[in-house]
1. Over the Cα atoms of the stretch 52-136, what is the Rg over Rh ratio if Rh follows Kirkwood?
2. Straight distance only, please: which lysines reach the Cα of Lys107 with their own Cα at less than 30 Å, same-chain residues fewer than 8 apart left out?
3. How far apart, in nanometres, would the label points at Phe28 and Asp67 be if each is projected 7 angstrom from Cα along the Cα-to-Cβ direction?
4. Would you tally the net charge around Asp113, using a Cβ to Cβ cut-off of less than 12 Å, leaving Asp113 out, and scoring K and R as +1, D and E as -1?
5. Taking the Cβ of Leu68 as the centre, find all other residues whose Cβ is under 11 Å away and add up their charges (Lys, Arg: +1; Asp, Glu: -1).
6. Hey, rough spin-label estimate for Asp119 and Leu18, points 7 angstrom out along Cα→Cβ, what's it come to in nanometres?
Amino acid sequence: MKIERRKTRTAEVYTASLNDIMFFLLLFFLIISTMVTPAAIRVLLPNASTSEQVVTKKNINLIITRDLRYYINDKELSKDEIEPTLKAILDKKAENEEMNVLLQADKSLSLQDVVDIIDIGNRLRVKMVLFTQKPE
């Protein structure tokens, strides 16, 4: 004899709380992604007088090697030639153009050697970005 049940049971997945979980995950990733910064230390932040102009950015590469050899855009210079060369490059820029100096200094250099170059950038009122490397 076969006994039938009055109510048939069906399998269901309760999904009402999934909306809350997805919202909190989305919120978490949005907050964390705004906190992530690139692997660079900003040295001098520029001031914006107007926000209406379109500003194009141009980078100047300044490299200091272990044996104190200086290069601006792959051209070797002496330390005394850095400031006049940067000044000449900055004088040639257009009105709506922003120049950044990307400073790549060898980690074996003394701090004073790097500060001397940053001081040149401060005198010329140019934004300098010091490149760093993530530890492996």
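Rule-based calculations on the coordinates, nothing more; no lab input. Quick caveat, the model's predicted, so the values are computed rather than measured. Don't worry about glycine lacking a Cβ; one is built from the backbone with ideal geometry, like all the others, and counts go over all protein chains shown.
1. Radius of gyration relative to Kirkwood radius: 0.99.
2. Filter leaves Lys57, Lys58, Lys75, Lys79, Lys87, Lys127, Lys134.
3. 5.3 nm
4. Charge balance in the 12 Å sphere: 0.
5. Combined, the nearby Lys, Arg, Asp and Glu give -1.
6. It works out to 6.4 nm between the two label points.
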